Each structure stands twice: as C-alpha cells, then as structure tokens.
Amino acid sequence: MPSIFTQLQKSILACLGNQQPLSLETLANSLNNIPENIILAIDDLMNAQVQIQKVAPQTYQLKIPYQGISSETLKNKLKNPHWSVYCFDSIDSTNLFLKNISVDKMPILCHSEMQTAGRGRLGRAWQSPFGTNMYFSIKWRAFRSPSQLSGLSLVIGLSLTQAIEKQLGSSSLKVKWPNDIWCDGKKVAGVLIEIAHVEASYCDLIIGIGVNVNSQACDLQQLGRPCTSLGEIYGRCINRLELLAAMIESIENDITRFLTQGLDGFLPQWSQKDALQNHQVIAVHGTTPIEGCVQGIGPQGQLILKLENKSLVYLDAGEVTLKGLAKKPNPLF
Ligand code: BTN
C-alpha cells in the first residue's frame with residue numbers, strides 16, 4: 001500500500017519531529033524547496049489530522065514529538081526475525097488489514113501511524129490520531145480450536161502491562177477484565193481479538209492492540225470516557241519504537257506459554273494486577289445488568305461475581321463498570 005504522504009511531507013515531518021518550532025524560511029532552506037510548496041504540503045498534512053500548529057506567523061510546530069515507525073526500523077528492533085512486518089502511515093484498521101491479507105507465513109505484525117476506521121470492542125470506534133499512540137495487530141496461527149483459546153485476551157493484557165513496566169518502570173497499571181489496561185480508573189490500552197479463519201486443526205487469530213502512548217490529557221478528555229496515556233502516567237514523552245518491540249517480544253513469549261500451559265500459570269499474576277478484585281461492579285451481558293462483588297477469574301478466564309444472595313455467577317463476556325463509576329443508577333438495585 002503506497003504512503004498517503006508525499007516525500008516532501010515526510011521530510012517536513014522529519015524536520016519538525018523533535019518538536020522544535022521551525023519557520024517557513026528554515027523549512028524551505030533545509031528542504032531545498034519553495035515556501036509555497038511547503039505551505040501546501042503542511043496544509044495537506046493538517047487536513048489529514050496531523051497535529052501541526054502555527055505557533056507564530058509562518059512558524060510551525062508539532063503538538064507532540066514524532067519519530068515515524070517503518071517496517072525496516074521495527075524489524076531491526078525485533079529479536080525474533082521470523083515476523084512479517086507491515087507498517088503504514090494510515091490505514092482503515094490494522095485488524096481489518098490482517099483479516100484480509102492472504103499470506104500464510106505467520107506471525108504477521110501490522111502497525112499504522114493512524115487509523116481512519118479503528119475498531120474497538122462491542123462495535124465501538126477506536127480514535128486513532130496520527131503519530132502519537134500505538135495501533136497494531138498481530139496475526140497468529142494457533143493450533144487450537146477457538147474454545148481452547150478463551151482467556152487469551154487476559155494474557156495479552158498482562159503481557160502488555162509487564163512489557164510497559166519493564167521498559168518504563170513500575171507504576172500503578174492494572175488489568176481490567178476482560179482486556180483493558182487501566183491506571184487509577186482510567187483506560188490506557190485496549191485489546192480486540194478476532195478470529196480470521198477456522199480449520200479443523202487450527203485457527204488464525206487477529207490480536208489488535210491500541211495503546212494511548214503520548215496523547216495529552218486535553219485530547220483524551222474529548223473521548224468522553226475516563227482515559228489516560230503512558231506519557232501522562234510517566235510524565236515524559238515515550239519512545240514508541242522501543243516500547244512496541246518490547247511489547248511484541250512479551251506477547252510472543254506469553255502466547256507460546258499460554259498455548260502450552262493454558263491460563264493457570266497466569267492466575268497469580270492476574271490477581272496481583274486485577275483492577276476489579278473485591279470491588280462491587282455492574283456487569284452488562286446482553287441487556288441484563290448484574291451487580292456483584294468480583295471474586296477473581298475462573299479457569300476459562302470468566303469473571304466471577306458474588307451476588308447479594310451469595311451465589312456465584314461466571315461471566316464469559318460483557319462490559320463491567322465499577323459501581324462508583326457507573327454512569328446511571330441501576331434501577332434493579
Ligand atoms: C477496546 O475496545 O478496548 C479494544 C480496542 C482495540 C483497538 C486496536 S487499535 C489496533 C487494532 N486495530 C483496530 O481497528 N482495533 C485494534
């Protein structure tokens with residue numbers, strides 16, 4: 001897929017990448033081009049949602065530092081050379097790309113600097129602005145049936161959390177059933193696992209991951225739900241390439257471990273990082289809300305809830321909200 005950006009636009013992004021404000025004259029001189037072309041190229045970048053701001057007359061600055069991720073730089077960072085890697089400036093959805101790709105050599109990794117139709121769980125959209133965060137998907141052939149893979153999304157959440165803390169330092173990151181990463185009640189990352197293809201002996205999984213890396217608090221507020229980013233949590237701008245490579249390595253190790261040992265080996269780590277353990281929550285599965293106290297997770301990764309009448313309910317899917325954070329009072333309780 002060709003880049004949506006021209007060579008001139010890519011060079012402008014490279015010049016502005018360290019977030020130094022640059023005048024039109026400096027850009028034109030360093031890129032050996034006329035100011036009119038630079039202005040047109042910047043206008044087109046801004047129209048494509050690249051966050052360039054005019055900080056003074058004829059002076060431009062990127063809102064967030066930018067270092068592009070290309071398939072060459074990413075492949076060079078990965079420890080294991082068996083990955084097929086696809087990197088884009090823009091794509092509809094990295095999950096969709098891998099669903100439709102007819103390549104048999106797996107694992108395949110697809111990263112994009114932005115998505116025009118990013119998909120979240122439960123049919124929601126995933127906001128994917130250019131160059132600030134991470135949007136990537138992995139296509140993996142698992143020699144298991146789909147029913148043997150329940151619990152994998154929990155493992156991916158744990159794996160991401162571990163990679164982040166190993167790379168950036170320990171923090172109060174938590175996993176929120178079934179597959180979010182949270183910090184102090186705010187969402188940092190989400191996982192969307194889809195099945196692309198099923199055969200008698202295997203199935204092809206698409207594991208889609210969206211991480212708020214360098215988004216700023218003001219932009220996150222517009223999402224209408226409590227969200228934060230790693231940049232906000234760690235108080236600095238995060239190098240996406242290093243972190244992405246660490247996440248891929250961690251995910252690869254953990255999928256392999258999950259496929260050989262199952263979910264059991266991950267349960268102690270889950271209870272250490274569980275954002276919901278012993279909390280009163282409202283779970284919605286289908287249209288029925290259930291209130292209960294979280295008792296942990298079951299052998300297939302189900303959420304265990306203790307109801308007011310002391311009975312236990314095992315939820316295998318759904319949306320869970322902490323009681324205090326629930327949007328509307330629940331008429332049932
Ligand atoms: C969620 O709703 O929490 C899951 C969000 C998953 C978003 C990622 S971004 C990369 C990949 N491509 C998509 O279209 N969605 C996933």
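Read the figures in this text as sums done on the coordinates, not as results from a lab. Remember, it's a predicted structure, so these values are computed and weren't measured experimentally. We place every Cβ from the backbone using ideal geometry, glycine too, and count neighbours over all the protein chains shown.
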(request) Please figure out what share of the DSSP beta bridges in the chain is antiparallel and state it in percent, rounded to the nearest 5. (result) 90
(message) List the pairs from LYS139/LYS186; LYS10/LYS187; LYS176/LYS310; LYS176/LYS273 whose alpha-carbon separation is above 20 Å, in the order I gave them.
(response) LYS139/LYS186; LYS10/LYS187; LYS176/LYS310
(request) Could you tell me which of rounded, prolate or oblate describes the range 77-152, using a ≥ b ≥ c as the square roots of the eigenvalues of the alpha-carbon gyration tensor, with rounded for a/c under 1.5 and, failing that, prolate when a/b is larger than b/c and oblate otherwise? (result) oblate
(message) Relative contact order for the range 198-333: what percent, with Cα pairs under 8 Å and sequence separation of 6 or more?
(response) 14
(message) Please compute the contact order of the chain in relative form: average sequence separation of alpha-carbon pairs under 8 Å and at least six residues apart, divided by the residue count, as a percent.
(response) 12
(request) Starting from the Cα gyration tensor of the chain, take the square roots of the eigenvalues, sort them a ≥ b ≥ c, and report rounded, prolate or oblate (rounded when a/c is under 1.5, otherwise prolate if a/b is larger than b/c, else oblate). (result) prolate
(message) Only Cα pairs within less than 10 Å get springs; with that Gaussian network setup on the chain, which residue of ASN37, ASN179, ASN214 has the largest fluctuation?
(response) ASN37
(message) Give the separation of the Cα centroids, the range 12-86 to the range 175-248, in Å.
(response) 24
(request) Answer rounded, prolate or oblate for the range 1-81, using the Cα gyration tensor with square roots of eigenvalues a ≥ b ≥ c: rounded when a/c is under 1.5, else prolate when a/b is larger than b/c, else oblate. (result) prolate
(message) Taking only the Cα atoms of the range 189-333, how large is their convex hull per residue, in Å³?
(response) 168
(message) Sort CYS218, CYS237, CYS87, CYS110 by Cβ crowding within 10 Å, fewest neighbours at the top.
(response) CYS218, CYS237, CYS87, CYS110
